[in-house]
1. Any residue at all in region 141-156 that's farther than 19 Å from residue 66 by Cα, modelled with pLDDT of 85 or more and among the acidic types (Asp, Glu)?
2. In region 82-96, what residues are farther than 14 Å from residue 140 by Cβ and either at pLDDT 90 or above or not in a helix (DSSP H, G or I) (or both)?
3. Can you say whether residue 116 is modelled with pLDDT under 90, of a type in the set (A, V, I, L, M, F, W, C) and in a loop (DSSP other than H, G, I, E, B), as far as the supplied structure shows?
4. Here's a check for you: in region 123-140, which residue that is in contact (Cβ under 8 Å) with a residue 24 or more places away in the chain and in a loop (DSSP other than H, G, I, E, B) is nearest to the chain's Cα centre (by Cα)?
5. Can you tell me which of 129, 121, 74 is closer than 15 Å to residue 154 by Cα and at pLDDT 90 or above?
Amino acid sequence: MPTPSLQTPQSKALLATILGVLLLAAVGSAGYWYGTRAEQDAATPAGQTNVNSALTSATAQAADLASLSGKISAVDDDTLEVTVNATAGGRTVRVRLNDETVLRKLDFRSIPKTGIGDGVAIKRADLKAGQSVVVIAQDVSQSTVDAEKVILVIYP
């Protein structure tokens, strides 16, 4: 009986099919292993912090925040006066700044270069009357709010 040759088209196709099935099995088993490994990593051992739950709680905390936007009408050492909806007669809100208040600048002119993000850090001295700001705080319905974040917004 003659030995089969790898030179025929049928034997090349058979060999290619076998190699394809083996490659598919290897990729599938690696995916299965990675998926079960991710489940094991998600289970938090005692004494360690689960990063996913920390992110979830940070997201939930952020959902409790409210924001207001307007123009700065006055700047003091630790407060800003922000006029909200100035075109309709608006209201003035005193925004208290403390050491934990995050100050950022979001320049919309640079978005095509850098993409949308949280902006860059600024100092209190960078906040001037007439500038547009977004204030993020726990409760913005009062006439005085304690700001968690103030974002200086520069429009093109």
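1. No; the residues of region 141-156 include none that is farther than 19 Å from residue 66 by Cα, modelled with pLDDT of 85 or more and among the acidic types (Asp, Glu).
2. 89
3. Criteria met by residue 116.
4. The qualifying residue nearest to the chain's Cα centre (by Cα) is 138.
5. 129
The values are calculated or read from the model by the stated rules, or taken from the named source; none is laboratory data. For clarity, every value in this text was computed on a predicted model and none was experimentally measured. Backbone-built Cβ (ideal geometry, glycine too); neighbour counts: all protein chains shown.
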